[in-house]
Amino acid sequence: MEGLLVQTTQNVALEYQPASVGERMLAYLIDLLVLIAWMIVVSAAMGVFSGRETLETVGVVAFFAFLLLPVLLYDLAMESLFIGQSIGKKALGLRVVLLDGRQPTLSAYLLRWLFRLLETGLPPRFGVIPIVTVAVNGKGQRLGDIAAKTTVVKLRPPVTLERVVAVP
């Protein structure tokens, strides 16, 4: 996969390496584990596992507000609050950037989030559309990235043999 060349306003060329399909999938799985942990903690706190009629006592609205709303808004909130990184992306050293290298705007994050709902939503597509799109696109973009003019890049350059210094 070729690098993404960005020309800054100071006339400095920066080259980013787009994140691979595997790296993006691993970041997504880490985020999924975070969401599952959140659902278990909130469900336990609301007494869902106690066997009583919890939804009557807690209320359906409160249950959805505390359990499902954070799950639904996770990607949008994390990327917009933490400069293009979710917990999974942070763990793998990945970040969402605009194609010109700048930090995405809130509207770009919102567009990515809306397309994610379409790409992976109901009926479940198991991420087939984003996986194929990232694999085929030379800039490592899924449909949401193409629409928002963003991509996910590696923050650390890969270590190559030329970069290894031989110690006498």
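The values are calculated or read from the model by the stated rules, or taken from the named source; none is laboratory data. A quick note: this is a predicted structure, and the numbers were derived from the prediction, not measured. Cβ coordinates were reconstructed from backbone atoms using ideal geometry, including for glycine residues, and neighbour counts include every protein chain displayed. Side chains are part of the model used for accessible areas, which takes the heavy atoms of the whole protein and leaves out ligands, DNA and RNA. Shrake-Rupley method; radii C 1.70, N 1.55, O 1.52, S 1.80 Å.
Against the conditions (1) assigned to a loop (DSSP other than H, G, I, E, B); (2) modelled with pLDDT of 95 or more, ARG52 satisfies every one except (2).
Residues that are touching a residue at least 60 places away in the same chain (Cβ under 8 Å), open to solvent by less than 60 Å² (accessible area, probe 1.4 Å), among the hydrophobic types (A, V, I, L, M, F, W, C) and over 21 Å from GLN10 (Cα atoms) within segment 90-119 comprise LEU92, LEU94, listed in sequence order.
Looking across segment 135-148, the residues that are under 15 Å from the mean Cα position of the chain (by Cα) and over 12 Å from LEU94 (Cβ atoms) come down to GLN141, ARG142, LEU143, GLY144, ASP145, ILE146, ALA148. Confirm whether ALA44 is loosely packed, with under 11 Cβ neighbours inside 10 Å and either out of contact with any Pro (no Cβ under 8 Å at 6 or more places or on another chain) or at pLDDT 80 or above (or both). No: the conditions fail for ALA44. Could you list, in sequence order, all residues of segment 5-37 that are part of a strand (DSSP E or B) and either open to solvent by 40 Å² or more (accessible area, probe 1.4 Å) or modelled with pLDDT under 70 (or both)? LEU5, VAL6, GLN7, ALA13, LEU14, GLU15, TYR16, GLN17 - these are the residues of segment 5-37 that are part of a strand (DSSP E or B) and either open to solvent by 40 Å² or more (accessible area, probe 1.4 Å) or modelled with pLDDT under 70 (or both). Reported count of residues in segment 89-109, each being more than 15 Å from LEU155 (Cβ to Cβ) and in a helix (DSSP H, G or I), is 4.
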